Structure formats: structure tokens, C-alpha cells
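The values are calculated or read from the model by the stated rules, or taken from the named source; none is laboratory data. What you see is a predicted model; the values in this text were computed from it and never measured. Glycine also receives a Cβ, built like all others from the backbone with ideal geometry; neighbour counts cover every protein chain displayed.
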């Protein structure tokens, strides 16, 4: 059962499918919301989620408090992620590793993570609503970009919450493996404490060498070098 949010919190002004898609709106076909998290971080993979919701779940999820994940506390995100997964028709995570980020660049790696999430959806959606203003290249499913989509589409907002919770859990596991960077607090983003640690102890195998703060710290990474994708796969599976 979906828990109602506090009455004091103003519901987001989500658009209906007809407002988003006009004459192309069809509530009978599966439509996925797609969003990413971790694009601006210095550490760890970039994560995307793709979520297909039944139309009947939209209003209850909005009432429960689904909104842009950045506006929610960690505890509330976790609770809502469980509620989203419980009612979703399909919900999957896609990931691009640090090695892929450094090889492809962060934008292309983000597209790769999104495509991986979408590919796993069963049934495959008839349309993907993608947060932002850039289309995913090579995606075989029709797509529509939505600027500030996590504030306009409940499906995109749901994807943003699921992706954020999944990545935060992964970073917490990695924080135990790579202490000293304050990862449990910064979740891999470039806070002052994180940047100072880079200067003092160099990078880890999960830092993005293509990002300038990591290049400035020198490429003196400790153990597990060259095997970050396998390391992430093991951590996410345990």
C-alpha cells in the first residue's frame, strides 16, 4: 500500500500523457521513464534507471510523494523506491563503468547506461520519455526528450528515485573498500573534502581519470587497477 506524503508538501506539477505527447498519447501502451544519476561525480559508475508504470499507479505515486529525487531525503527516496518497484510493470538499472566513462566520455557513457536499462525492460516500451534535451543515439525504441523531466513526468521522476537509491547503495559499499575519500557523505561528488583527499592520497581504481580533478591528483591508484568493471559487478551482486 502506498503511503501518503505529508499534507504540507505541495505535489509536483506533473504533466499528463496528453500534455506531454499531444495527439500521440496512448495510455494503453507501455511508456518508460528514463533518468540517470552520477553523471557529475568524480568517482564510480554512471547509473540509469528505466521504469514503466501502469497509468493507475500515477496518482497514488504522486500522492505518496514521488518527485525529483534531488528534492527528497535519503530515507524518503528509499521508501518511495520500494513503492515504485512494487507497482511498476517493469523497472531496470543500467550502468556504465568508470573504464567506459574514461574511454567514451561521460555523455556517451550515460547514453550507454540508459540503453542498457531500457534493453532489459519486459515488455519493451512503445516509447521512452528521456530526461533532458538530448536523444539517446542508436536507441531502437521511439523516444521523446523532456527537459526537467523529473519535474514533469511521474515515470521519469520514478526512474530518478530508483537510480539514485541504487547508486547510493553501491557507493556505500565502495566507501568501505576505498576509505579516505568521505564517499559515504559525498557519494562520489567533488566536495572540498573529496578533492583534498585526491591531492593527499591520489586516485582509486574507481575514480574517473578523464575528469580534471582526478588528473590533477596524479594517476597513482592503489589495488584493483584495471579491473573496476568486474569489481563493481561483484559489489552490486553481493
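Mind checking which residues of the stretch 216-238 are surrounded by 14 or more Cβ atoms within 10 Å (Cβ to Cβ) and either modelled with pLDDT of 95 or more or part of a helix (DSSP H, G or I) (or both)? Those that are surrounded by 14 or more Cβ atoms within 10 Å (Cβ to Cβ) and either modelled with pLDDT of 95 or more or part of a helix (DSSP H, G or I) (or both): 228, 229, 231, 232, 235, 236. Checking each residue in the stretch 176-197 for being under 15 Å from residue 41 (Cα atoms), out of contact with any helix residue (DSSP H, G or I) (no Cβ under 6 Å at 6 or more places or on another chain) and touching a residue at least 40 places away in the same chain (Cβ under 8 Å) picks out only 189.
Within the stretch 136-158, which residues are under 12 Å from residue 114 (Cβ atoms) and in contact with a helix residue (DSSP H, G or I) (Cβ under 8 Å, 6 or more places away or on another chain)? Working first, answer last.
Filtering the stretch 136-158 down to residues under 12 Å from residue 114 (Cβ atoms) leaves 136-139, 141, 143, 145, 156.
Scanning the stretch 136-158 gives 136, 137, 138, 139, 141, 156.
The single condition from (1) within 21 Å of residue 14 (Cβ to Cβ); (2) in a loop (DSSP other than H, G, I, E, B) that residue 136 fails is (1).
From the list 40, 44, pick out the single residue that is surrounded by fewer than 19 Cβ atoms within 10 Å (Cβ to Cβ), closer than 30 Å to residue 194 by Cβ and at pLDDT 95 or above. Write out each step before concluding.
Working: 44 fails: surrounded by fewer than 19 Cβ atoms within 10 Å (Cβ to Cβ).
It is 40.
Would you mind finding the one in 49, 75 that is touching a helix residue (DSSP H, G or I) at 6+ places or on another chain (Cβ under 7 Å), within 30 Å of residue 207 (Cα to Cα) and at pLDDT 95 or above? First the steps, then the outcome.
Values: 75 fails: touching a helix residue (DSSP H, G or I) at 6+ places or on another chain (Cβ under 7 Å).
Testing whether each residue is touching a helix residue (DSSP H, G or I) at 6+ places or on another chain (Cβ under 7 Å), within 30 Å of residue 207 (Cα to Cα) and at pLDDT 95 or above leaves just 49.
If you check every pair at least six apart or on different chains, which have Cβ atoms under 6 Å apart with a residue in the stretch 140-154 that is surrounded by 15 or more Cβ atoms within 10 Å (Cβ to Cβ) first and a residue that is assigned to a helix (DSSP H, G or I) second? Here the result reads 149/156; 150/156; 150/157; 150/160; 154/58; 154/61; 154/62, each pair linking the stretch 140-154 to a residue that is assigned to a helix (DSSP H, G or I). Of the candidates 135, 119, the single residue that is surrounded by fewer than 16 Cβ atoms within 10 Å (Cβ to Cβ) and more than 16 Å from the chain's Cα centre (by Cα) is 135.
Name the residue, out of 85, 77, 99, that is touching a residue at least 40 places away in the same chain (Cβ under 8 Å), closer than 18 Å to residue 38 by Cβ and under 17 Å from the mean Cα position of the chain (by Cα).
Working: 85 fails: closer than 18 Å to residue 38 by Cβ; 99 fails: under 17 Å from the mean Cα position of the chain (by Cα).
Matching residue, one of 85, 77, 99: 77.
Inside the stretch 11-37, can you point out the residues that are part of a helix (DSSP H, G or I) and either under 20 Å from the mean Cα position of the chain (by Cα) or modelled with pLDDT of 90 or more (or both)? 19, 20, listed by residue number. Filtering the stretch 159-204 to residues that are crowded, with 20+ Cβ neighbours inside 10 Å and part of a loop (DSSP other than H, G, I, E, B) leaves 178, 181, 187, 188, 203, 204.
May I ask you to list the residues in the stretch 108-124 that are touching a residue at least 60 places away in the same chain (Cβ under 8 Å) and part of a helix (DSSP H, G or I)? First the steps, then the outcome.
Going through the stretch 108-124, the residues touching a residue at least 60 places away in the same chain (Cβ under 8 Å) turn out to be 109-110, 113-114, 116-118, 120-121, 123-124.
Scanning the stretch 108-124 gives 109, 110, 113, 114, 116, 117, 118.
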